[in-house]
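The values are calculated or read from the model by the stated rules, or taken from the named source; none is laboratory data. These figures come from a predicted structure and were not determined experimentally. No Cβ is skipped: glycine too gets one built from the backbone with ideal geometry, and neighbour counts run over all protein chains shown.
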Amino acid sequence: MKRVKSVPLAIGALALAAGTVAAFSTMPEAAGPGLQKASDASGKTVPVRAVPADVPPAAPALEPAEAPDLPDAASHGVDVSTAAKAEDTTPDTNHGADVSAVARDNHGQATAAENRPATAGKPADAGKPDGAGKPEDPGKPENPGRP
């Protein structure tokens, strides 16, 4: 006698229902250029399905965030990348060594030292406590008993 497992069936039905709801939601605004390119390439209207007018948008549009002000050390990666992509201005030396010199310039070390707290680093009492893992009275037990 076979039993039907109701929990997996309920989960499957829930997944199908959620997929149906997601399939008939409106397309996000960012999909517009891709849909236009697909329509031009195929010669057909994309997406093929009709979207009802009363369906709310799938996700609200996000405002672009302003770029934070970065310290001078933040451009270190850009400097290394520029040196790596540039033409080798000194043909008598190794281009890789020149890029390595730019990478090792340590632009951020001064800024990091200025912003490091005075108490940064390993605590004075770090490590194992005295007597960790050692019993008070090592040796054989007085009355071991039977195993």
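With respect to the numbered conditions (1) assigned to a loop (DSSP other than H, G, I, E, B); (2) modelled with pLDDT of 70 or more; (3) loosely packed, with under 10 Cβ neighbours inside 10 Å, which one is the sole condition not fulfilled by Pro47?
(3)
Over 30 Å from Ala18 (Cα atoms), within 27 Å of the chain's Cα centre (by Cα) and at pLDDT 80 or above: is that true of Thr82 in this structure?
yes
Surrounded by 10 or more Cβ atoms within 10 Å (Cβ to Cβ), small (Gly, Ala, Ser) and modelled with pLDDT under 80: which single residue out of Gly108, Gly131 fits that description?
That would be Gly108, the only listed residue that is surrounded by 10 or more Cβ atoms within 10 Å (Cβ to Cβ), small (Gly, Ala, Ser) and modelled with pLDDT under 80.
Taking the residues in the range 8-24 that are closer than 20 Å to Pro47 by Cα and in a helix (DSSP H, G or I) as candidates, determine which candidate is modelled with the lowest pLDDT.
Ala23
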